[in-house]
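Accompanying notes for the structure given below.
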């Protein structure tokens, strides 16, 4: 049965056609619920998928984006930080791929720390390998993530030289990153220890926490980045500020928008302002050539 979050996509792909790497093969107990606002939430994910949303050929510009919903590495907020967002990109001629990634769980995977990153890297491989049939330019495939999905997207963008899958036939580096109220750091002066605890374990070694503190992983080759967050977010705005500062230090192109209010987890719609961050994002993409047709 196809869940309602995928009814508007052209195709829902299993992320892996064979054995899922790093999987213990536990029973699938995935569960779909809705929150108080009627938004779909998926928990206990052990079988990852990629939902494909393609623009009409008449407006397609060759750009693609892989979308990583948030959820604290406990769930995937699959509609308001996933499929709803994909539909907005399609309107702009961008192919969108919503990644339903595995939830780190010692019952379902051998190494929780690499499970979600494996799925993000595999999504990049699938999108670039399907570029011809989906009318995509392999040099214009970016990634977008919300909250913990922002951490996953930024991990893909800062760890692309550390493959956690067998040798890939394509580069794992995103062309660009869009990070919405992202988790960035394991620094306990900024975030409480539990924010990365689900991913890395409660007693993760300091070196492992540092490796997943993404402000420490920025280099001059880190992809151009667009950041948005609200200053009253209960996830400290210092996450975005730290990453912005690191990108500046390494002369990586970056644009950041901070809103006075909005809190956390609003997806496309920060109800405290008439300003739409997605419009600013599209303007940034246009300025960098990602919304222009190739050729």
Can you pull out the residues in the stretch 40-69 that are closer than 14 Å to residue 82 by Cβ, touching a residue at least 60 places away in the same chain (Cβ under 8 Å) and part of a loop (DSSP other than H, G, I, E, B)?
48, 69
If residue 170 satisfies every condition in (1) under 25 Å from residue 292 (Cα atoms); (2) more than 11 Å from the chain's Cα centre (by Cα); (3) crowded, with 17+ Cβ neighbours inside 10 Å but one, which is the exception?
(3)
Would you be able to say whether some residue in the stretch 162-173 is part of a loop (DSSP other than H, G, I, E, B), out of contact with any helix residue (DSSP H, G or I) (no Cβ under 8 Å at 6 or more places or on another chain) and closer than 24 Å to residue 227 by Cα?
yes
Restricting attention to the stretch 87-106, which residues are in contact (Cβ under 8 Å) with a residue 60 or more places away in the chain, buried (at least 23 other Cβ atoms within 10 Å of the Cβ) and closer than 24 Å to residue 288 by Cα?
94, 98
Restricting to the stretch 273-289, count the residues that are part of a loop (DSSP other than H, G, I, E, B) and touching a strand residue (DSSP E or B) at 6+ places or on another chain (Cβ under 7 Å).
1
Being more than 16 Å from residue 26 (Cβ to Cβ) and outside any strand (DSSP E or B) is the filter here; which residues of the stretch 87-105 pass it?
87, 88, 89, 90, 91, 92, 93, 94, 101
Any idea which residue in the stretch 125-148 is farthest from residue 165 (Cα to Cα), counting only those that are within 11 Å of the chain's Cα centre (by Cα) and not in a strand (DSSP E or B)?
147
Of 150, 145, 157, the only residue that is under 22 Å from residue 109 (Cα atoms), at pLDDT 95 or above and surrounded by 23 or more Cβ atoms within 10 Å (Cβ to Cβ) is 150
Taking the stretch 270-295, which residues are touching a residue at least 24 places away in the same chain (Cβ under 8 Å) and loosely packed, with under 13 Cβ neighbours inside 10 Å?
293
When the stretch 255-269 is examined, which residues are found to be touching a helix residue (DSSP H, G or I) at 6+ places or on another chain (Cβ under 6 Å) and in contact (Cβ under 8 Å) with a residue 40 or more places away in the chain?
267, 268
Residue 251 being over 26 Å from residue 214 (Cα atoms) and exposed (fewer than 15 other Cβ atoms within 10 Å of the Cβ)
no
Within the stretch 224-245, residues farther than 18 Å from residue 280 by Cα and in contact (Cβ under 8 Å) with a residue 40 or more places away in the chain come out as 233, 235, 236, 238, 239, 242, 243
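Here's the yes/no breakdown for (1) under 17 Å from the mean Cα position of the chain (by Cα); (2) over 30 Å from residue 111 (Cβ atoms):
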{"site": "190", "(1), (2)": "no, no"}
{"site": "202", "(1), (2)": "no, no"}
{"site": "226", "(1), (2)": "yes, yes"}
{"site": "236", "(1), (2)": "no, no"}
{"site": "242", "(1), (2)": "no, no"}
{"site": "261", "(1), (2)": "no, yes"}
Failed criterion for residue 227 (all others in (1) at pLDDT 95 or above; (2) within 22 Å of residue 76 (Cβ to Cβ); (3) assigned to a loop (DSSP other than H, G, I, E, B) hold)
(3)
Of all residues being under 19 Å from the mean Cα position of the chain (by Cα) and outside any helix (DSSP H, G or I) in the stretch 106-124, which is farthest from residue 20 (Cα to Cα)? Just the residue, please.
113
Give me the pairs, please: first residue somewhere in the stretch 166-185 and touching a residue at least 24 places away in the same chain (Cβ under 8 Å) and on the phi > 0 side of the Ramachandran plot, second residue anywhere and in a loop (DSSP other than H, G, I, E, B) and surrounded by fewer than 24 Cβ atoms within 10 Å (Cβ to Cβ), beta-carbon distance under 7 Å, and either six or more positions apart or on two chains.
181/233; 181/264
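The values are calculated or read from the model by the stated rules, or taken from the named source; none is laboratory data. Computed from a predicted model, the values in this text were never measured in an experiment. Cβ atoms come from the backbone with ideal geometry, glycine included; neighbour counts cover every protein chain shown.
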